[in-house]
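*Asks:* Okay, handing you the structure first.
The values are calculated or read from the model by the stated rules, or taken from the named source; none is laboratory data. These numbers come from a predicted model, not from an experiment. We place every Cβ from the backbone using ideal geometry, glycine too, and count neighbours over all the protein chains shown. What goes into the accessible areas is simple: the full protein's heavy atoms, side chains included, and nothing from ligands, DNA or RNA. Shrake-Rupley method; radii C 1.70, N 1.55, O 1.52, S 1.80 Å.
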Amino acid sequence: MTVNQLSHEAQVHALAARAAAARRRRLRRATVGRGVILSVAVLGALIIMMPVLWMISTSLKTLQQTLVFPPRWIPTALHWENYPTALTFLPFATYARNTILITGTILIGEVLTNSFVAYGFARLRAPGRNWLFVLVLSTMLIPFPVIMIPQYVLFKHLGWIDTFLPLIVPPWFGSAFLIFMMRQFYLTIPRELDDAAEIDGCSYFGIYWRIMLPLSKPALATVAIFSFTYNWNDYLAPLIYLNSQSNYTLALGLANFIGRYSVTPWNLLMAASLVTVLPCVLLFFFAQRFFIQGIVVSGVKG
């Protein structure tokens, strides 16, 4: 083997060694970067979960243990009996029935109404359509306290106070935000589908019912999640319109724990709060796939 061949082979080995070292450095940097990102994510998750963890911890304590300072995260004994006690401490079965009735009725109305109105804005061609859509969006700029008193006066004259109608009827007329979201989703669906349906003799309502709705299941699931979580946890509107305890929702029932007695039973309140928030958590957990699709995917189905 000549000197030149040996020199060339040494250069090749040196280049290979440098390339391997560069790959190891990139791998270390990537590993460190992933570790930093994972650590920040875990820390952020723990910070966000701290109120939930504290709620679970408090729900398993006695009332005396909840007043101990400094507070203890882990109770000395787990008092699971707080849950049945909390749910029978007040008529929570009645509150749950009222909340399910109100939330379920509103959810059906918002899914149908908002999708139908959004279909009109996205597909129907009419003079002034865009201006009318801007007018609908402008209602989002009006804060609720501005219309709170006029609405109350209106519903009082209609005789709807202390009934579920002031809570159920307005959402059936649509929500500007949900209409906007559904319209943006409908705009991603090719118009060729509408044209093909029209050629087959399908009406505008038939296109909406047979084509648009089946293709918009992710967006409809997103609307349903938004509607359920907002109305399930709504406190202000039931507080304004509901007077009888037999008509209270779960949000109002939880507020009865505070200020009703000389000492707030924090352990029972946290147990009842955990049971109340559980449906929202389960809904999002099982429907998160549809929720993500409704945000990011288009309406084109393969």
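*Asks:* When only C-alpha pairs under 8 Å and at least 6 residues apart count, what is the relative contact order of segment 48-98, in percent?
*Replies:* Relative contact order here is 33 percent.
*Asks:* A follow-up question, please. Do the sum for the chain: with -39,500 (n - 2.57) for every DSSP H run of n ≥ 4, divided by all residues, what is the mean residue ellipticity at 222 nm, to the nearest 500 deg cm²/dmol? Present the calculation step by step, with values, prior to reporting the outcome.
*Replies:* Details: 14 runs with 213 residues, N = 302.
After summing the helix terms and dividing by the residues of the chain, the value is -23000 deg cm²/dmol.
*Asks:* A follow-up question, please. For the chain, what is the accessible area per residue in Å², given a 1.4 Å probe and the full set of protein chains?
*Replies:* On the way: 18580 Å² over 302 residues.
Accessible area per residue: 62 Å².
*Asks:* Under a point spin-label approximation (7 Å from Cα along Cα-to-Cβ), what is the D195-V32 distance to one decimal in nm?
*Replies:* 5.7 nm
*Asks:* I've got another one for you. Quick check: at a probe of 1.4 Å, how many percent of the accessible area of the chain sits on carbon and sulfur atoms? Could you put the intermediate results ahead of the total?
*Replies:* Working: 13240 of 18580 Å².
That fraction is 71 percent.
*Asks:* Ignoring trypsin sites (Lys or Arg not before Pro) that are buried or in helix or strand per DSSP, and keeping those with at most 14 other beta carbon atoms within 10 Å, what is the longest stretch of the chain between them?
*Replies:* 1-71
*Asks:* GNM on the chain, C-alpha springs below 10 Å: top fluctuator among Y241, Y152, Y95?
*Replies:* The residue with the greatest mean-square fluctuation here is Y152.
*Asks:* With r defined as the distance between the Cβ atoms of L112 and A19 and R0 fixed at 51 Å, what FRET efficiency is calculated, to the nearest 0.05?
*Replies:* The calculated FRET efficiency here is 0.25.
*Asks:* With a sphere of radius 15 Å drawn around the Cβ of A122, what net charge do the other residues whose Cβ falls strictly inside it have (Lys, Arg +1; Asp, Glu -1)?
*Replies:* +2
*Asks:* Same structure again: Work out which helices of the chain, taken as complete DSSP H runs, extend at least 15 Å along their axis over the Cα atoms and score a mean Kyte-Doolittle of 1.0 or more, then list them.
*Replies:* 176-187, 266-296
*Asks:* What is the chain's relative contact order, in percent, from Cα pairs under 8 angstrom and six or more apart in sequence? Let's see the in-between values first.
*Replies:* Working: 253 pairs, mean separation 87.9, N = 302.
In percent, rounded to a whole number, it is 29.
*Asks:* Among (1) 49; (2) 64; (3) 43, find the value of percent of Cα pairs over 26 Å apart that was calculated from the structure presented, and write down its label.
*Replies:* So the calculated entry is the one marked (2).
*Asks:* If you stretched the chain out fully between R129 and L53, how much longer would it get, using 0.36 nm times the residue separation minus the C-alpha to C-alpha distance?
*Replies:* Taking R129 through L53 to full extension adds about 22.4 nm, to one decimal.
*Asks:* Could I have the simple spin-label model distance between Q245 and T88, label points 7 Å from Cα toward Cβ, reported in nm to one decimal?
*Replies:* The answer from the label model is 1.7 nm.
*Asks:* Given the options V40, V277, V117, state which has the largest fluctuation in a GNM of the chain using a 10 Å cut-off (strictly under) for Cα springs.
*Replies:* Looking only at V40, V277, V117, the largest GNM fluctuation is found for V40.
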